[in-house]
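Single-structure report; data block below.
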Amino acid sequence: MSDGTGLPEGPDIDDELLEEELRQAAAVLDPVPAALLQSAVDAFALVDLDARVAELTFDSLADAIPVRGAADTARMLTFTAGEVTLDVEVTEEGLIGQVLPPGPARIEVLDGPRPAASVTADDMGRFTAETAPSGPFALRLRTDDDVVVTEWLRV
């Protein structure tokens, strides 16, 4: 039987076969760009199953009151995961931040397809990364007891 479209109705259609043929056609006619595919593979490789995800609780682009006459102010971000807070200032020169409660930690700046830049927080939890992220980025914080990863943001 047909529903007027010329396609058979009901159990005569093999859904899996049709899906596979559509996938093959899409791969030939509209392939995924190599750079995008590599970014997806790299992002999957960055998954840290033991890490807690830090929620963005403040972003000066969305939450701050604009100041008249202030141009090119730094972007301020605050991430929270339980009792851990990560305050970050994003400037054209790089990142400046502090981990609370204060203590030594390693912070990795995950910046898309580029290798992660790693910086060390001092005993007061302060750190500086001298390279500003150029696109989507996230931070991975490692202490002796904990791993926290922020959500990805655009600069």
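The values are calculated or read from the model by the stated rules, or taken from the named source; none is laboratory data. Owing to the predicted nature of the structure, the values given are computational and were not obtained by experimental measurement. We place every Cβ from the backbone using ideal geometry, glycine too, and count neighbours over all the protein chains shown. Side chains are part of the model used for accessible areas, which takes the heavy atoms of the whole protein and leaves out ligands, DNA and RNA. Shrake-Rupley method; radii C 1.70, N 1.55, O 1.52, S 1.80 Å.
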Legend entry - Candidate set: the range 1-17, residues that are of a type in the set (Asp, Glu) and either in contact with a His (Cβ under 8 Å, 6 or more places away or on another chain) or open to solvent by less than 100 Å² (accessible area, probe 1.4 Å) (or both); chosen: the one modelled with the lowest pLDDT: Asp3
Inset, instruction - Please find, within the range 38-69, the residue that is modelled with the lowest pLDDT out of those that are touching a Pro at 6+ places or on another chain (Cβ under 9 Å) and of a type outside the set (Gly, Ala, Ser). - result: Asp42
Inset, instruction - Take the range 96-128 and flag every residue that is under 16 Å from Trp152 (Cβ atoms) and either part of a strand (DSSP E or B) or open to solvent by 50 Å² or more (accessible area, probe 1.4 Å) (or both). - result: Ile107, Glu108, Val109, Leu110, Asp111, Pro113, Arg114, Ala116, Ala117
Legend entry - Verdict on Glu92 being open to solvent by 70 Å² or more (accessible area, probe 1.4 Å), within 15 Å of the chain's Cα centre (by Cα) and within 22 Å of Ala74 (Cα to Cα): no
Inset, instruction - Check whether at least one residue in the range 18-28 is of a type outside the set (Asp, Glu), outside any helix (DSSP H, G or I) and either modelled with pLDDT of 80 or more or at negative phi (or both), and report yes or no. - result: no
Legend entry - Extreme residue, most open to solvent (accessible area, probe 1.4 Å), among residues of the range 129-155 that are in a loop (DSSP other than H, G, I, E, B), in contact with a Phe, Trp or Tyr (Cβ under 9 Å, 6 or more places away or on another chain) and farther than 14 Å from Leu95 by Cβ: Arg154
Inset, instruction - Could you tell me whether Asp72 is outside any strand (DSSP E or B), within 22 Å of Gly135 (Cβ to Cβ), among the charged types (D, E, K, R) and at pLDDT below 85? - result: yes
